[in-house]
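Participant: My questions all concern the structure below.
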Ligand SMILES: [Zn+2]
C-alpha cells in the first residue's frame with residue numbers, strides 16, 4: 001500500500017494527515033510548531049514525526065504542504081508566523097526524508113483545493129474560497145489548479161480594496177481592504193462605528209463580538225442587521241470582481257464567521273446578483289465543510305492530482 005502525506009503548517013501547530021492513494025484519511029495527528037531559531041526546527045520536527053510512524057519511504061508517494069505565507073512555484077517567499085524568509089521546502093525536506101516528490105502551496109489556496117476534492121465544492125474545477133476569521137484569507141482554483149502567481153499574491157482576496165468610506169487601516173499597510181470590513185474584526189469595527197454614530201458617543205464602543213452581532217441580527221436588531229447587510233455587500237462586490245477575473249462556478253466561505261451559515265451566505269449571494277453580468281443565478285454560494293482539515297486534504301490533492 002502506498003501513502004500520501006498532507007501537511008498543514010500553522011503558526012502554533014502542524015497538522016499531518018496520512019492518506020491512501022484514493023484519498024481516504026487513514027490517520028491524522030498534530031505536533032507543535034517550534035518557530036525558534038528562525039523556524040529551522042520545523043521541517044526536521046515533521047520529518048521525525050512521520051519517521052516515527054515506521055512507514056518505508058518507498059511506500060510514500062509524496063508530501064503536499066500548506067504554509068501560512070506567499071508561495072510561488074513551490075518556493076516559499078516568506079512566512080512571518082514561522083519566522084521563515086525564503087524557504088526551499090522541496091530541497092530541505094526532500095533531503096531529510098530522501099524523497100523529493102514534494103509540492104507546496106499557500107495554506108488558503110491549499111484549503112480551497114481540499115474543498116473541491118473532498119469538501120462542499122467537490123466536483124468543481126473553478127472555485128473561490130474566502131475564509132472569514134480574524135482576517136480574510138482567500139484561495140483560487142482555476143481548471144483544478146491553485147493560482148499562486150509570480151509573487152505568491154494570487155488568491156489574496158482579503159486585500160482587495162472594497163471600501164472607500166471607512167478607510168480602516170489594514171495590516172498590509174494600505175486602507176479599505178476586504179479584511180478591514182468583512183473579517184470578525186471588521187464586523188466589530190463597523191458595528192462600533194455605527195453604534196457610536198447612532199448614539200452620538202464620544203467614546204468608542206467596542207464591547208461586542210462578531211458572533212454577538214450575528215445573534216443580534218438574527219433576532220432582528222436593526223443596527224446589527226444593518227452591519228451584516230453592509231459586510232454582505234462588500235463580500236458580494238468582491239465576488240463580483242472575482243467572477244469577472246477567474247469566473248468560478250462556486251464561492252466557498254470558511255472560517256469562524258461562516259458559521260453564521262445561510263443567514264450570511266444568502267445575503268452575499270443577493271448582493272452579488274445585483275451586479276448581473278452573465279448568469280448571476282448560476283453561481284453557487286456555499287459554506288466550507290472540512291473545517292481545519294481542509295489543509296491536509298488539500299495537501300493530499302497537491303500530490304494526487306499529478307498522478
Ligand atoms: Zn490589506
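Participant: Rounded to a whole number of µm²/s, how large is the Stokes-Einstein D of region 127-184 at 20 °C and 1.002 mPa s, given Rh as the Kirkwood radius over C-alpha pairs?
Facilitator: It comes out at roughly 181 µm²/s.
Participant: Between residue 166 and residue 91, what is the spin-label point distance in nm, taking each point 7 Å from the Cα along the Cα→C-beta axis?
Facilitator: The answer from the label model is 4.4 nm.
Participant: Something else: Note down the relative contact order for region 106-148 as a percent, whole number, built from C-alpha pairs under 8 angstrom at least six residues apart.
Facilitator: 42
Participant: Normalised radius of gyration for region 1-80, please: alpha carbon Rg relative to 2.2 N^0.38 Å, two decimal places. Could the numbers behind the result be given before it?
Facilitator: Numbers: Rg = 13.0 Å, N = 80, 2.2 N^0.38 = 11.6 Å.
Relative to the rule-of-thumb radius for its length, region 1-80 sits at 1.12.
Participant: Would you kindly calculate the mean projected area, averaged across all directions, of the convex hull enclosing the Cα atoms of region 43-155, in square nanometres?
Facilitator: Numbers: hull surface 31.2 nm².
Value for region 43-155: 7.8 nm².
Participant: Just want to confirm a number: the relative contact order over the chain, from Cα pairs under 8 angstrom separated by 6+ residues, in percent.
Facilitator: Dividing the mean separation by the residue count of the chain yields 21 percent.
Participant: How long are the semi-axes of the equivalent ellipsoid of region 214-266, taking √(5λ) for every eigenvalue λ of the Cα gyration tensor, in whole Å from largest down?
Facilitator: Listed largest to smallest, the semi-axes of region 214-266 are 24, 12, 7 Å.
Participant: Hey, rough spin-label estimate for residue 125 and residue 142, points 7 angstrom out along Cα→Cβ, what's it come to in nanometres?
Facilitator: With each label placed 7 Å out from Cα toward Cβ, I get 1.5 nm.
Participant: Mind running the shape call on region 201-307? Use the C-alpha gyration tensor, a ≥ b ≥ c as the square roots of the eigenvalues: rounded below 1.5 for a/c, prolate if a/b tops b/c, oblate otherwise.
Facilitator: oblate
Participant: Using the Kirkwood radius over Cα pairs, work out the Stokes-Einstein diffusion coefficient for the chain at 4 °C and 1.567 mPa s, in µm²/s as a whole number.
Facilitator: The estimated diffusion coefficient comes to 64 µm²/s.
Participant: Can you give me the distance in nm between label points at residue 266 and residue 215, each placed 7 Å from the Cα along the Cα-to-Cβ direction?
Facilitator: In this crude spin-label approximation the distance works out to 2.1 nm.
Participant: A further question on this structure: So what's Rg/Rh here for region 145-253, counting alpha carbon atoms and using the Kirkwood radius for Rh?
Facilitator: 1.02
Participant: How do the peptides 36-42, 278-284 rank, highest first, by the average count of neighbouring beta carbon atoms within 10 Å per residue?
Facilitator: Highest to lowest by the protection proxy: 36-42, 278-284.
Participant: A further question on this structure: Give the angle, between 0 and 90 degrees and rounded to the nearest 10, that separates the Cα long axis of helix 107-117 from the longest principal axis of the Cα atoms of the chain.
Facilitator: So the inclination is approximately 80 degrees.
Participant: While we're looking at this one, here's another question. I'd like the orientation of helix 222-245 relative to the chain: the angle between its Cα long axis and the longest Cα principal axis, in ° from 0 to 90, rounded to 10.
Facilitator: Approximately 50 degrees, to the nearest 10.
Participant: I want the antiparallel fraction of DSSP beta bridges within the chain, as a percent rounded to 5. All intermediate terms of the calculation are to be shown ahead of the outcome.
Facilitator: Working: 28 of 48 bridges.
Here the antiparallel bridges make up roughly 60 percent for the chain.
Participant: Before anything else, pin down the relative contact order of region 1-147: Cα pairs under 8 Å, at least 6 apart, normalised by residue count, whole percent.
Facilitator: Values: 290 pairs, mean separation 26.5, N = 147.
Contact order relative to length: 18 percent.
Every read-out reported here was derived from the displayed coordinates using simple, explicitly stated rules and does not represent laboratory data. From a predicted model like this one, the values you see are computed outputs, not experimental measurements. Positions of Cβ are backbone-derived with ideal geometry, glycine not excepted, and every protein chain shown enters the neighbour counts.
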